[in-house]
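A short worksheet on the structure shown next.
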Amino acid sequence: MRFHMIIVVLVLLLGLFCSFSAIEMAVLSVVCSSVIVAEMMNTAIETVVDMITQSYHPLAKLSKDIAAGAVLVTAITAASVGLILFISKFWSLKDAQPIVLKEDHTLLPTALIILVVLVVVITLIAKVLGGKGTMLQGGIISGHAAVAFVLAVSIIKRVGWDAMTILLVMVLALMVAQSRVEGKIHTLQEVIIGGLLGICMTAGVYYFRLGIH
């Protein structure tokens, strides 16, 4: 449940940073909350079944499987709706003009410095205070995934909404994230949280420091 709540908060923040309309935010909120509700119902059904019997019974197994299947279907639906919303937003912005720094040419370096500081602070908190792993390996979030997506979003913002650029930098960032899971350094959950943190931090800094064209 904690993992679901973290993902919901980060996705909603990303929706705000992408300037979603009220209807888009409402749809995003509904599909996100549906996953939470399905997970709660699944937990309730499993608890009731365990209270009735602790021994194996085909009907007990069927009940738990159906409940888990409902969560899976809901999660897939929510992910599909989210992808449609975000891809549609990115597609609508692909022809937008890149951010113009106007007279203050220090804004971009300042934004990048802020991004680095944010990544370092979050990494310190997650890895050192979190008590899991070291500064360069492990931790309750993937610092490598966070940095990879910080750089990817920064490049996209820098060069504009070019479809091929978006594809290439996102593939590279995903390869970094995948390598952390494949190397058994992080779980999929820790990599996803790290990636979303990187995206949200970068979008937030550019939104508040440079504005969205």
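Hey, can you tell me all the residues within segment 158-178 that are free of Cβ contacts under 8 Å to residues at least 40 places away in the same chain, aliphatic (A, V, I, L, M), within 17 Å of A203 (Cβ to Cβ) and out of contact with any Gly (no Cβ under 8 Å at 6 or more places or on another chain)?
V169, M170
Can you pull out the residues in segment 45-55 that are open to solvent by less than 50 Å² (accessible area, probe 1.4 Å) and part of a helix (DSSP H, G or I)?
The one that is open to solvent by less than 50 Å² (accessible area, probe 1.4 Å) and part of a helix (DSSP H, G or I): V49.
Residue by residue through segment 11-63, note down the ones that are of a type in the set (S, T, N, Q) and under 30 Å from L83 (Cα atoms).
S19, S21, S29, S33, S34, N42, T43
If a residue has to be surrounded by 11 or more Cβ atoms within 10 Å (Cβ to Cβ) and without any contact (Cβ under 8 Å) to a residue 24 or more places away in the chain to count, how many in segment 63-72 make the cut?
5
Could you figure out which of (1) under 17 Å from C200 (Cβ atoms); (2) of a type outside the set (G, A, S); (3) not in a helix (DSSP H, G or I) isn't true of K89?
In the conditions (1) under 17 Å from C200 (Cβ atoms); (2) of a type outside the set (G, A, S); (3) not in a helix (DSSP H, G or I), K89 misses (3) alone.
Restricting to segment 24-35, what's the tally of residues that are without any contact (Cβ under 8 Å) to a residue 24 or more places away in the chain and either closer than 17 Å to I6 by Cβ or part of a loop (DSSP other than H, G, I, E, B) (or both)?
Of the residues in segment 24-35, 1 are without any contact (Cβ under 8 Å) to a residue 24 or more places away in the chain and either closer than 17 Å to I6 by Cβ or part of a loop (DSSP other than H, G, I, E, B) (or both).
If I filter segment 1-23 down to residues being part of a helix (DSSP H, G or I), buried (at least 18 other Cβ atoms within 10 Å of the Cβ) and modelled with pLDDT of 80 or more, which single residue comes out as farthest from the chain's Cα centre (by Cα)?
G15
Which condition from (1) open to solvent by less than 80 Å² (accessible area, probe 1.4 Å); (2) within 23 Å of the chain's Cα centre (by Cα); (3) modelled with pLDDT under 90; (4) of a type outside the set (G, A, S) is the one that L108 breaks?
With respect to (1) open to solvent by less than 80 Å² (accessible area, probe 1.4 Å); (2) within 23 Å of the chain's Cα centre (by Cα); (3) modelled with pLDDT under 90; (4) of a type outside the set (G, A, S), L108 is out only on (2).
Out of A38, A78, report the one residue that is assigned to a helix (DSSP H, G or I), farther than 21 Å from L197 by Cβ, open to solvent by less than 50 Å² (accessible area, probe 1.4 Å) and modelled with pLDDT of 80 or more.
Every option except A38 fails the conditions.
Taking interchain pairs and intrachain pairs at least six residues apart, which have beta carbon atoms under 8 angstrom, with the first residue in segment 140-157 and free of Cβ contacts under 8 Å to residues at least 24 places away in the same chain and the second among the polar types (S, T, N, Q)?
As it stands, the answer is I155/T165; I156/T165, since those pairs meet every condition given.
Run down L85, L59 and say which single residue is of a type outside the set (D, E) and exposed (fewer than 11 other Cβ atoms within 10 Å of the Cβ).
L59
Do we find a residue being of a type in the set (A, V, I, L, M, F, W, C), buried (at least 18 other Cβ atoms within 10 Å of the Cβ) and modelled with pLDDT under 65 anywhere in segment 139-156?
no
The values are calculated or read from the model by the stated rules, or taken from the named source; none is laboratory data. Since the structure is predicted, the reported quantities are computational estimates derived from the model, not experimental observations. Positions of Cβ are backbone-derived with ideal geometry, glycine not excepted, and every protein chain shown enters the neighbour counts. All accessible areas refer to the heavy atoms of the entire protein, side chains included, with ligands and DNA or RNA removed. Shrake-Rupley method; radii C 1.70, N 1.55, O 1.52, S 1.80 Å.
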